[in-house]
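The block underneath contains the structure these notes are about, expressed in structure tokens.
No lab work stands behind these numbers, since they all come straight from the coordinates. Quantities reported herein were computed from a predicted structural model and do not represent experimental measurements. So basically every Cβ, Gly included, is an ideal-geometry build from the backbone, and we count neighbours across all protein chains shown.
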Amino acid sequence: MMIDYLNMFIGMLILIIGVLIGVAFLTLFERKVLGYIQIRKGPNKMGFMGLLQPFSDAIKLFTKEQTYLIYSNYITYIFSPIVSFTLSLIIWMLMPYYFNMISFNLGVLFFLCCTSLGVYTIMIAGWSSNSSYSMLGGLRAVAQTISYEVSLSLILLSCIVLIMDFNFMKFGVYQSMIWFIFLMFPLSLCWMSSSLAETNRTPFDFAEGESELVSGFNIEYSSGGFALIFMSEYSSILFMSVIFSLVYLGGYNLNLIFYLKVLFISFLFIWVRGTLPRYRYDKLMYLSWKIYLPVSLNYLLLFIGMKIFFIYLIFF
């Protein structure tokens with residue numbers, strides 16, 4: 001019994017270290033890709049082709065002086081980045097490994113719970129900094145994340161109706177013949193842009209709109225606090241890429257192709273950032289409630305109808 005728990009603990013430790021290294025190199029990948037999009041080099045001095053850049057960034061951020069605001073709500077101000085980062089790591093427990101890990105039969109529900117909890121950390125970070133800009137950024141982030149939570153869960157519900165299970169492992173079983181992206185291409189595009197909005201990425205990064213909010217909810221954070229917020233954002237991006245690959249691109253396989261798919265989706269996140277200008281805030285809300293919601297509901301009704309029709313064919 002103890003050996004099992006020890007195996008699980010070591011597995012989780014390796015997973016967390018892997019995620020942290022992945023986040024480090026995702027930041028480097030982003031800076032390189034953005035550099036080439038803007039016809040320049042990107043980081044290329046630290047180590048071979050800039051490979052050590054993320055580590056020097058981390059050392060710089062964590063050794064900088066931490067600012068303590070006189071008017072901030074100190075405890076919540078300090079703890080919200082830590083909670084945010086912890087949440088973004090906890091959600092990785094969902095990765096449907098074949099061995100040594102926690103097996104989730106209700107993985108989809110756990111995913112929705114963790115992404116919903118992420119809202120509170122941003123809201124508290126914005127509120128406890130006691131700055132008008134950060135408060136505004138926090139409020140925007142909350143409204144945006146709650147709106148897109150609805151469309152994300154409804155889009156996911158369509159896939160769940162197809163496989164009739166909450167376990168992410170089952171997506172691989174049901175996509176052995178055809179990937180779900182071919183069955184519901186418009187829905188996968190809706191999911192992609194909803195996950196952009198969910199992770200506060202361009203063109204939906206209103207929570208930190210530099211032009212009007214001077215960096216938004218994290219304006220008062222420096223050094224370690226800023227680094228943790230930054231890392232939790234990139235961890236979420238990586239996780240959303242994994243979920244997209246699981247749900248639409250053939251499920252989980254222990255091979256290189258799965259990781260290449262994840263890398264491609266992460267590249268799309270960065271490509272969008274280098275290409276598209278920021279959206280207008282009211283249009284973002286309009287997009288969620290008046291376009292994605294009806295589309296996902298219609299798809300859901302279509303799939304439920306198809307399911308009932310095929311059950312009727314089989315049994316009668």
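Whole-Hz Karplus values for the stretch 274-286 come out as x, 10, 9, x, 5, 6, 8, 4, 5, 5, 4, 5, 4 Hz, taken residue by residue from phi with 6.51 cos²θ - 1.76 cosθ + 1.60 and θ = phi - 60°; glycine and proline positions read x. My understanding is that a pair violates if its Cα-Cα distance is over 27 Å; which of Lys60/Lys261; Lys170/Lys290; Lys170/Lys283; Lys41/Lys261; Lys283/Lys307; Lys170/Lys261 do that in this structure? Exceeds cut-off: Lys60/Lys261; Lys170/Lys290; Lys170/Lys283; Lys283/Lys307.
Ordering of 107-116, 65-74, 46-55 by packing is 107-116, 46-55, 65-74, highest average first (other Cβ atoms within 10 Å, averaged per residue).
For the chain, take the longest principal axis of its alpha carbons; what is the angle in degrees between that and the long axis of helix 293-315, to the nearest 10 within 0 to 90? Once rounded, one gets 30 degrees. Across the alpha-carbon atoms of the chain, the computed radius of gyration and Dmax are 20.5, 72 angstrom. Cβ crowding within 10 Å, taken as a proxy for footprinting-reagent exposure, orders Met231, Met2 from fewest neighbours to most as Met2, Met231.
How high is the relative contact order of the chain? Use alpha-carbon pairs under 8 Å, at least six apart in sequence, and give a whole percent.
Relative contact order of the chain: 23 percent.
The trypsin sites (Lys or Arg not before Pro) found in the stretch 251-288 that occupy coil by DSSP, while having at most 15 further C-beta atoms within 10 Å, are Arg278, Arg280. In order along the stretch 80-90, phi translates into HN-Hα couplings of 4, x, 5, 5, 4, 5, 4, 4, 5, 7, 4 Hz, rounded to whole numbers, per the Karplus curve 6.51 cos²θ - 1.76 cosθ + 1.60 with θ = phi - 60° and x for Gly and Pro.
Built from the Cα atoms of the stretch 133-173, the convex hull projects on average onto 3.6 nm², one quarter of its surface area. Other residues whose C-beta falls under 14 angstrom from the C-beta of Ile37 contribute a net charge of +4, scoring Lys and Arg +1 and Asp and Glu -1.
To the nearest ten degrees, helix 185-198 and the longest principal axis of the Cα atoms of the chain are 30 degrees apart. Only DSSP H runs of four or more residues enter the estimate; each adds -39500 (n - 2.57), and after division by the residues of the chain the mean residue ellipticity at 222 nm equals -23500 deg cm²/dmol.
Just name one of Leu61, Phe29, Ile16: the one whose Cα is farthest towards the positive end of the charge dipole of the stretch 6-69 (beta-carbon charges, Lys/Arg +1, Asp/Glu -1). Value: Phe29. Please report, in debye to the nearest 20, how large the charge dipole of the chain is about its Cα centre when each Lys and Arg carries +1 at its beta carbon and each Asp and Glu carries -1 there. In debye, rounded to 20, the chain gives about 700.
Around the Cα centre of the stretch 1-91, unit charges on the Cβ atoms of Lys, Arg, Asp and Glu (plus for the first two, minus for the last two) sum to a dipole of about 520 debye.
Highest-first packing order for the peptide set 234-241, 142-149, 36-43 is 234-241, 142-149, 36-43, based on the mean count of other beta carbon atoms within 10 Å. Against the chain, whose longest principal axis comes from its Cα atoms, helix 223-248 is set at around 20 degrees.
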